[in-house]
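J.: Pasting a structure here, questions to come.
The values are calculated or read from the model by the stated rules, or taken from the named source; none is laboratory data. In this text the structure is predicted, and so the values were computed from the model without any measurement. In this analysis, Cβ positions are derived from the backbone assuming ideal geometry, glycine residues included, and neighbour counts consider all displayed protein chains. Just so you know, the surface numbers come from the protein's heavy atoms only, side chains and all, with ligands and any DNA or RNA stripped out. Shrake-Rupley method; radii C 1.70, N 1.55, O 1.52, S 1.80 Å.
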Amino acid sequence: MQALGIDIGGSGIKGAVVDLETGQLATERHRIDTPQPSKPDAVAAVVKQLARHFNWSGATGCTFPAIVRHGVTMTAANVDKSWIGVQAEQLFATATGNPVRLLNDADAAGVAEMTYGAGRGRSGMVMILTFGTGIGSAIFHDGKLLPNTEFGHLPMPMKGIIAEHYCSDRVRKAEDLKWGEWARRVNNYFEVLELLLSPDVIVVGGGVSKKAEKFLPLLKAQATIVQAELQNDAGIVGAAMAAHDMVRIKSE
Ligand code: BGC
């Protein structure tokens with residue numbers, strides 16, 4: 001069984017056909033820059049271009065870096081504000097001519113990691129955090145997802161800013177933080193998270209997870225901390241899973 005997975009981010013839109021028996025990509029990934037400004041029609045045109053690139057007709061899953069309820073994008077932290085309130089699932093279905101499932105990007109990465117990656121076989125509470133332009137979160141209890149959590153927007157006590165403005169990978173680069181300094185910030189963030197939730201495992205994903213050897217030994221929490229395994233492909237794979245209803249994301 002295969003599906004097309006498309007991962008929409010603030011800087012790039014990536015896609016591939018995914019083999020859902022194995023969670024492996026069945027084609028090369030193809031990436032197109034996110035149009036700037038990232039308005040709905042411009043992004044939909046890129047999604048269409050990707051479906052054409054793969055000559056794909058059939059089940060298609062798309063991620064989006066926002067809260068997604070009933071196919072509607074409800075927020076827009078790192079994309080054009082005009083996305084708020086758009087029936088984006090329908091927009092992409094019309095653009096591609098394919099049935100589309102839309103879900104939050106971190107939820108997609110989370111379900112992929114839980115099925116094929118670092119969360120495989122793990123019970124209890126597993127929290128996947130994606131450190132990129134923002135910080136995405138996905139929480140699983142005994143393998144079941146609690147959709148649309150937004151723990152990247154957790155206010156950091158005494159700092160007056162939310163977590164993703166304090167310790168995302170974008171902030172690390174923009175402020176030219178050394179790995180030790182960035183890890184110290186992430187540890188502060190983990191402390192706040194652990195005050196509110198008691199994860200058994202924290203999976204560190206997103207773009208930064210490619211460089212895990214630089215910072216993983218510096219991270220501290222009561223939870224077991226592990227590196228995401230699917231890294232850049234997690235969103236694509238999770239999107240493809242959603243396309244085939246392997247995850248029930250919609251809160252209907
Ligand atoms: C958004 C989340 C998203 C995360 C990672 C945040 O700014 O609010 O919905 O999962 O960025 O892209």
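J.: How many residues, within the range 52-68, are of a type outside the set (Ser, Thr, Tyr) and over 20 Å from the mean Cα position of the chain (by Cα)? Break it down stepwise before answering.
T.: Looking only at the range 52-68, we keep the residues that are of a type outside the set (Ser, Thr, Tyr), and these are 52-56, 58-59, 61-62, 64-68.
Checking the rest, the ones that are also over 20 Å from the mean Cα position of the chain (by Cα) come to 52-56, 58.
Residues in the range 52-68 being of a type outside the set (Ser, Thr, Tyr) and over 20 Å from the mean Cα position of the chain (by Cα): 6 in total.
J.: If I filter the range 76-110 down to residues being part of a loop (DSSP other than H, G, I, E, B) and within 17 Å of the chain's Cα centre (by Cα), which single residue comes out as nearest to the ligand (Cβ to nearest atom)? Step through it out loud before you land on a result.
T.: Initial filter on the range 76-110 (part of a loop (DSSP other than H, G, I, E, B)): 76-80, 84-85, 97-99.
Within this subset, residues satisfying the condition of being within 17 Å of the chain's Cα centre (by Cα) are 76-79.
Numbers: ALA76: 8, ALA77: 3, ASN78: 5, VAL79: 9 Å.
Among them, the one singled out is ALA77.
J.: Could you tell me whether the range 43-57 includes any residue that is crowded, with 21+ Cβ neighbours inside 10 Å, among the aromatic types (Phe, Trp, Tyr), in contact (Cβ under 8 Å) with a residue 40 or more places away in the chain and away from the ligand (no atom under 12 Å from the Cβ)?
T.: no
J.: Would you mind stating whether ALA66 is free of Cβ contacts under 8 Å to residues at least 40 places away in the same chain and within 16 Å of the ligand (Cβ to nearest atom)? Write out each step before concluding.
T.: Values: free of Cβ contacts under 8 Å to residues at least 40 places away in the same chain: yes; within 16 Å of the ligand (Cβ to nearest atom): yes.
For ALA66, the condition - free of Cβ contacts under 8 Å to residues at least 40 places away in the same chain and within 16 Å of the ligand (Cβ to nearest atom) - is met.
J.: Further, regarding this structure: Only one of these conditions is not met by VAL237: (1) touching a helix residue (DSSP H, G or I) at 6+ places or on another chain (Cβ under 6 Å); (2) free of Cβ contacts under 8 Å to residues at least 40 places away in the same chain; (3) in a helix (DSSP H, G or I). Which number is it?
T.: Here VAL237 meets the rest and fails (2).
J.: Go through the range 134-169 and report how many residues are within 10 Å of the ligand (Cβ to nearest atom) and part of a strand (DSSP E or B).
T.: Residues meeting the conditions: 5.
J.: So which of VAL72, VAL111 is of a type in the set (A, V, I, L, M, F, W, C), open to solvent by 30 Å² or more (accessible area, probe 1.4 Å) and in contact with a helix residue (DSSP H, G or I) (Cβ under 8 Å, 6 or more places away or on another chain)? Show your work before the answer.
T.: On the way: VAL111 fails: open to solvent by 30 Å² or more (accessible area, probe 1.4 Å).
One residue alone meets the criteria, VAL72.
J.: If you go through the range 149-162 one residue at a time, do you hit one that is of a type in the set (Ser, Thr, Tyr) and touching a helix residue (DSSP H, G or I) at 6+ places or on another chain (Cβ under 6 Å)?
T.: Within the range 149-162, the subset of a type in the set (Ser, Thr, Tyr) is 149.
Then drop every residue that is not touching a helix residue (DSSP H, G or I) at 6+ places or on another chain (Cβ under 6 Å), which leaves none.
No.
J.: Has the range 111-129 got at least one residue that is charged (D, E, K, R), in contact with a strand residue (DSSP E or B) (Cβ under 7 Å, 6 or more places away or on another chain) and part of a helix (DSSP H, G or I)?
T.: So the first thing to find is which residues in the range 111-129 are charged (D, E, K, R), and the list is 113, 120, 122.
Subsequent filtering for residues that are in contact with a strand residue (DSSP E or B) (Cβ under 7 Å, 6 or more places away or on another chain) retains 113, 122.
Narrowing further to those that are part of a helix (DSSP H, G or I): 113.
Yes, the range 111-129 contains at least one residue that is charged (D, E, K, R), in contact with a strand residue (DSSP E or B) (Cβ under 7 Å, 6 or more places away or on another chain) and part of a helix (DSSP H, G or I).
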